[in-house]
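What follows is one structure encoded as structure tokens, with my remarks underneath.
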Amino acid sequence: MTRWLAFLAYALVVSGTAAVFWHEVRGKSWDDSLSFALTVTLSAIGGRLMAAHILRKAGRGDG
């Protein structure tokens, strides 16, 4: 349970930071900012999940 809460907190921090950055620094609308945040969040979470999957599949002598 704690692991999922940490994962959710990570996702919220990443998406919130991305949305605020895109809105404030780039001067885009909130619609654009939320779309950007969704893209960044899915990329970050997808990358972490793919890395975890690859590391689980790797054997002791791989790499």
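What's the magnitude of the charge dipole for the chain around its Cα centre, counting Lys and Arg as +1 and Asp and Glu as -1 at the beta-carbon? Answer in Debye, nearest 20.
Working: 7 positive and 4 negative charges, 80 e Å.
Dipole about the Cα centre, nearest 20: 380 debye.
Counting only protein heavy atoms and a 1.4 Å probe, the chain has 83 square angstrom of accessible area per residue.
Can you give the calculated 222 nm mean residue ellipticity of the chain, where each DSSP H run of n ≥ 4 adds -39,500 (n - 2.57) and the sum is split over every residue, rounded to the nearest 500 deg cm²/dmol?
My calculation for the chain gives -29000 deg cm²/dmol from helical runs alone.
Farthest toward the positive end of the dipole of the chain, out of Leu38, Ala6, His23, is the Cα of Ala6, where the dipole comes from beta carbon charges about the Cα centre.
By accessible area, using a 1.4 Å probe on protein heavy atoms only, the chain has 65% of its surface on carbon and sulfur.
May I ask you to derive the relative contact order of the chain, considering only C-alpha pairs under 8 Å and at least 6 residues apart, and to give it as an integer percent?
Working: 29 pairs, mean separation 17.7, N = 63.
Relative contact order comes out at 28 percent.
Compared with the dominant Cα axis of the chain, that is its longest principal axis, helix 30-57 is turned about 0°.
Computing Cα extents along the principal axes in Å directly from the structure and comparing it against (1) 49, 28, 14; (2) 32, 22, 15; (3) 46, 24, 21 singles out (1). Mind checking the angle between helix 2-24 and the chain's longest principal axis? C-alpha axes, 0 to 90 degrees, to the nearest 10. It works out to around 40 degrees.
The values are calculated or read from the model by the stated rules, or taken from the named source; none is laboratory data. Note that this is a predicted model, so its numbers are computed, not measured. All Cβ positions, glycine included, derive from the backbone under ideal geometry; neighbour counts span all protein chains shown. To get the accessible areas, we keep the full protein, side chains included, count just its heavy atoms, and leave off ligands, DNA and RNA. Shrake-Rupley method; radii C 1.70, N 1.55, O 1.52, S 1.80 Å.
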